[in-house]
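Notes follow the structure.
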Amino acid sequence: MASLDEKWKAVDNFKSIVVDRERDVVRVTKELYDLHSNREQLRGVTSSCNYRLTIPFAPHMFGSGKTTFCHNYLELVRRFGDTFLSKFASDPSRRAFLEKLKRASMLYVNLRELEPTRPIEENRNLEWAVYYLLYRSACNQMGLPFMKPDEAYRHIPLYPSFLIPELRKTLGIPSDQYLLIAFDEVGVFDTKATFFELEKNDKGVVRPYNDFFGIISQLCKEPDLFFIVVGKSKGLSIKNDVAFGLSRVILHFISLSPLDASSIVEFLEKSLLKTPTQVPVCNVLCSSSFSVNELADSLLECTGGVPGLLTRAVNMLLNYIIARNQPFISKEECLTCMNDYDFRRICAEPFVERILNLDEDRKSVFDLLLMMALFRIPFQVDDILTSESFLYDAVTEMGLYRYPIDQNTFQVLIPKVFVVIFKKDPSISSLEKILLGSLDVEPVDCFFYSKCRVFEGIVALRLVLMLSSKNRNELRELLCQLSPIWKQMKLPISSVSSIHYMKSVVSSRETRSESNKSRRTFASTEWNKIIRETLYLETIYIPLDATSHSPDIIFQLQSPVEPKVLTVGVACKGRWRSEGIGWSDIIDEAKKFLDPVYDQVLSSAMDYHHCMLIIVSTKLSLNVSNELGNQSRCYSSGMFIGNDSFKVPDNCELVILCERDVQMLIDEEILNGLERAFHVPHNPTFLNLGLKLLHKVRNSFLSWQ
C-alpha cells in the first residue's frame, strides 16, 4: 500500500491554461495605453501635466496567479484582441496601439536575483543593480553569455537611453517594437532594502519602493517601453499615495480574482496531461457518472478557486487516480479524498507559511477576517482597519485572498483547505477555532448578503461561546431554569463543536450571478445530506415547504460529565417582520425539525440523545407574547402548543426566548446597527456593515472566550 506522501504527492502532471482573466487584461491594456498616449508629458515635451504615471501592479499572495499572468499577458492580448478588447479598440488610435501590442516582446525579470553589484564604488547603488539585472535577464532569456558587472558598467552608463537600446539589441527586437518588462517578486525589498544606499524622507525613514518605482518612472520616458510589477509585499499599500508622498507613480492593482465554477470547468476541459496523447484533465478524473461540473464544484468547495491551490489540488488528484487506474465515480468520492486530513495538509502547506508567522498586531485581527469570510461581509477598498493600515492591505499581508464584487468592493476568501493547518496552530483562540470549524463545514455558497444571515451567525456564536464559558452568565442560568435537558447537561461543555450555518430551503434553485449577489440554495436531497453529516446520525428527511424555513443553525453539545448529546436547532426570526412571528410560524419550525429528527433518529437512538429547537425572535406577535406572559418558556416532551396543534416529541424540547432575553445573545446596539446597515426590508442586497459595527460584534464574542 502506498504511503501517504506517495498517495497525495503533488507531481506536476498536466499543462494548465490561463482562464478568467479577461477583465484583468482589459484593465492592464488601458493602463499601458494611457502611458503610451501621455509619454510626452513624462518627458516634459508638452506643457500639459495632468497625467500621473500608473503602473499595473499585482500584490497578491502565493498562488493567486501573479507570475502566470505576467508570462501570459501578451498571449492573452492576442487571444482577446477581437473579443473582450474590441470595445477598447473602437477608435483608430487605440486600435493601432492594440495591433502593435500584439506584436510586442516581453522581458521577464525576477527581482529575487537582485543584489549589490560591482564596481566597488557603486556596489550599494540600487539603480545600477536594477540596470545590471535587466541586462543579465535579457541575456539569460535569449541564452546568451553576459558581461561581468565591471565590463557592463563601462559599456552601459546609468542612463535609460543607453540601457534600453542594449536590451533591444540583446533581445533581437527593433527600436520601434513595443517592449514590455515584467518585474516579479517585488517583495524582496521588504528584506533586501538594507543592501542598498536608499533615499531617506524628511523624517529619516527609508522607503525602498519609492526608490525602485522612481527608477521605473525614469525608464518609462523611453519610447515604446512598458512595465508590469507583481509580488508579495508588506511595504506597498492600496493607497500608495500615502507611501509615495506626492507620488511620482500610481499603482493600479490588478484584481486577479479567484475562479468561479464555470471558469474551473473551462480550466479542466482545456488543460491537458503531459503525455503524448495530451488527454484533457477532466477525462482522466471523471467517469460517466461524475460530470466535470461536479468536479468543478468540488474543487471550488476545497480551494475557493485560488489558481495555485486549484492547480496543486488537481495534480494531487491526478496522481491518485493515475496510480489506482480508475476515475472518480461520484462527487462524494471526490470530496472524501479532498477532505482527507493529509490531502489538505499537503495541498495547503506551501500557501500558509506567511499567516502562521504573523506578528502579534496582524494575528490580533485574524478572528475579524474569519468573521468576514464566514458571514460573506464585503468591504470597501478604502476601509480603514487601524490608523496606519487599510483592511485591503491587511488581507494581503496575512496571506489571505480577496474575491472582487466590483472594482472597489471585495470579500475575504479563506479556502477550506487551509482550515486544518490553522486549527493546529497552538496560538489559535477558542473563537477562532469555532469560526474555522464553521467555515469548514459551511457550503461555499451558503450566505445571502442579508442582515438575517449575519443575525443568525452572531446569535449562534454568542450562544455557543456563552454555553462553553466557565464564567457565570444569565442566559445559561435561564436555560437551566427553563429546561430539564440543559440542567442535566451540566455545562460548561468539554469541547465546542462546529456550528453549521444552513441555508433555508426554498422551492427554486438559484445560481450565483455575475454580480455575485445571489446564491444557490439547497435542493431537498442536498438538505438531507447536510443534516446527516452535521448530526453524524442517520438520514433525516426535512419536508420541503416553500412557505416555511427549517432551522437556520444546527450544532451539537456534549456534556462533560454525563453521557448526553444534545442536538440544537436555532430558528432566528424577528424584527424585520412588522407584525412579529406568531404561533403558526413557530409550529412550522417545530414540525420541520423536531418531528423528523424524532421520527428518524431519536425514536431508535440511545436515551442520551436529545434534541431542542430554540426560537430566537426580536419581535413576537401579540398573541405569542400574551401567552408567554412576556417571559421565555420551555415546552418539554409531551406538551402541546398553539391550541393543541403541535405536541413536542419525546426527548425533545422547544424553547421560545422572549424579546428581552434575546438581548443576552445579541446586544441592542448591534441589532440596531444591523438594521441600519441593511435597511431594505426583504432579502436586501448587501451593504457594507462597516468595521465599527463589526468590531462591536467581535468584542461581544471575546467577552465570552
- line: One finds, for Phe640 and Ser604 with R0 = 30 angstrom and r their Cβ-Cβ distance, a FRET efficiency to the nearest 0.05 of 0.80
query: Which length gain, in nm to one decimal place, applies between Ser288 and Lys169 when the Cα-Cα distance is subtracted from 0.36 nm times their residue separation?
result: 37.4 nm
field: Relative packing of peptides 646-657, 315-326, 352-363 - highest average C-beta neighbours within 10 Å first
entry: 646-657, 315-326, 352-363
task: Find the centroid of the Cα atoms in the stretch 604-677 and in the stretch 90-122, then give the distance between the two in whole Å.
output: 65
- request: Taking every pair of Cα atoms in the stretch 361-484, average 1/r, invert it to obtain the Kirkwood radius, and report Rg/Rh to two decimals.
  value: 1.01
Note, ³J(HN,Hα) from phi for the stretch 277-290, Karplus 6.51, -1.76, 1.60, rounded to Hz, x at Gly and Pro: 7, 6, 6, x, 4, 5, 5, 7, 7, 10, 9, 5, 9, 9
- request: Please pull out the direction-averaged projected area of the stretch 85-194, using the convex hull of its alpha-carbon atoms, in nm² to one decimal place.
  value: 8.4
field: Cα centroid of the stretch 360-384 to Cα centroid of the stretch 28-88, whole Å
entry: 30
message: Give the aspartates and glutamates reachable from Lys692 as a straight Cα distance under 13 Å; neighbours fewer than 8 places away on the same chain don't count.
response: Asp383, Glu669
field: Student exercise, the stretch 22-251 dipole from Lys, Arg, Asp, Glu Cβ charges, in Debye to nearest 20
entry: 480
message: Using 22 Å as the Cα-Cα cut-off, could you pick out the over-long pairs in Lys66/Lys424; Lys363/Lys424; Lys169/Lys221; Lys102/Lys169; Lys192/Lys221?
response: Lys66/Lys424; Lys192/Lys221
statement: D (µm²/s, integer) via Stokes-Einstein for the stretch 298-415, Kirkwood Rh across alpha-carbon pairs, 25 °C, 0.890 mPa s: value 154
task: Could you tally the net charge around Glu627, taking each other residue with its Cβ under 15 Å from the Cβ of Glu627, Lys/Arg +1 and Asp/Glu -1?
output: -2
statement: With 0.36 nm assigned to each residue of separation and the Cα-Cα distance removed, Phe62 to Lys100 gains 10.5 nm
- line: Other residues with Cβ under 13 Å from the Cβ of Leu465 give, with Lys and Arg +1 and Asp and Glu -1, a net charge of +3
- request: Order the peptides 608-616, 334-342 from the highest to the lowest mean number of other Cβ atoms within 10 Å of their residues.
  value: 608-616, 334-342
- prompt: Using mean Cβ contacts within 10 Å as the protection proxy, how do 554-564, 369-379 order, highest first?
  reply: 369-379, 554-564
task: Figure the gain on full extension for Glu6 and Ala323 (residue separation times 0.36 nm, minus the Cα-Cα span) and round it to one decimal in nm.
output: 113.2 nm
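Quick note: the coordinates plus some simple rules give every number you see, no bench work behind them. The structure presented is a predicted model; accordingly, all values stated were derived computationally and were not measured. Positions of Cβ are backbone-derived with ideal geometry, glycine not excepted, and every protein chain shown enters the neighbour counts.
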